[in-house]
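Structure, as structure tokens:
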Amino acid sequence: QVQLVESGGGLVQPGGSLRLSCAASGTISSIGTWRWYRQAPGKERELVAAITPGGSTNYADSVKDRFTISRDNARNTVYLEMTSLKPEDTSVYYCNAIVRITVSTTERSYWGQGTQVTVSS
């Protein structure tokens, strides 16, 4: 079974920076696209950023030019570097990965446990 474990959340002032990490472990054969989502109280889940196996990235308009998604394939880890943070960025952030496990030729989606990011003065 595959597990995604997130870390790096916390409290930061507006204009500050934070780096989130998400590490995958388990019987992994390969990992496809990584994605970061966020969900704030009373709001629906929002796709924040994605990175494909080839390294192509996509961002929500609300975070473009402020957030950067990257990955370390050797560590099965994805990162979300967040800068110029705004109160509107306050949310629980979830990582997601498309993973092929060693006992299967099919792929499925896995989710991290979520990490709280609070932007407040």
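The values are calculated or read from the model by the stated rules, or taken from the named source; none is laboratory data. All values derive from a computational prediction rather than experimental measurement. Quick reminder, even Gly has a Cβ in these numbers, built from the backbone with ideal geometry, and neighbours come from all protein chains shown. Please note that ligands, DNA and RNA were not included when accessible areas were found on the heavy atoms of the full protein model with its side chains. Shrake-Rupley method; radii C 1.70, N 1.55, O 1.52, S 1.80 Å.
Some observations on this one:
- 5 angstrom amide H check on residue 33, placed H, neighbours 5+ away: 98
- Summarising the label geometry, the points placed 7 Å from Cα in the beta-carbon direction at residue 3 and residue 45 lie 2.0 nm from one another.
- The range 65-105 - Debye-derived log10 I(q)/I(0), Cα point model, q = 0.20, 0.24 Å⁻¹: -0.78, -0.96
- Converting phi to 3J(HN,Hα) with the Karplus coefficients 6.51, -1.76 and 1.60 and the offset θ = phi - 60°, the range 54-64 yields x, x, 5, 10, 9, 9, 5, 4, 5, 10, 4 Hz in sequence order, with x at every glycine or proline.
- If you sort 5, 48 by accessible surface, 1.4 Å probe, largest first, the order is 5, 48.
- Computed from the Cβ-Cβ distance with R0 of 25 Å, the FRET efficiency linking residue 27 to residue 70 stands at 0.55.
- FRET efficiency for residue 52 and residue 108, using Cβ-Cβ distance with R0 set to 22 Å, rounded to 0.05: 0.80
- For residue 90, residues with placed amide H under 5 Å, excluding near neighbours: 119
- For the chain, size of Cβ-based charge dipole, Lys and Arg +1, Asp and Glu -1, in debye: 160 debye
- Here is the list for the range 2-105: trypsin sites (Lys or Arg not before Pro) lying in DSSP coil, each with at most 15 other C-beta atoms within 10 angstrom of its C-beta, are 43, 45, 64, 66.
- Size of the chain: Rg and Dmax of its alpha carbons, in Å, are 14.2, 49.
- Residue-wise HN-Hα couplings along the range 15-24, as the Karplus relation 6.51 cos²θ - 1.76 cosθ + 1.60 with θ = phi - 60° gives them from phi, are x, x, 10, 7, 10, 9, 10, 9, 10, 9 Hz; Gly and Pro carry x.
- Neighbour cut-off at most 14 other Cβ (10 Å), DSSP loop, GluC sites (Glu not before Pro), the range 23-121: 44
- Protein accessible area in the chain, 1.4 Å probe - carbon and sulfur %: 45 percent
- Calculated accessible area for the chain comes out at 54 Å² per residue, all protein chains present (probe 1.4 Å; ligands, DNA, RNA ignored).
- Computed over protein heavy atoms with a 1.4 angstrom probe, the accessible surface ordering of 89, 65, largest first, is 65, 89.
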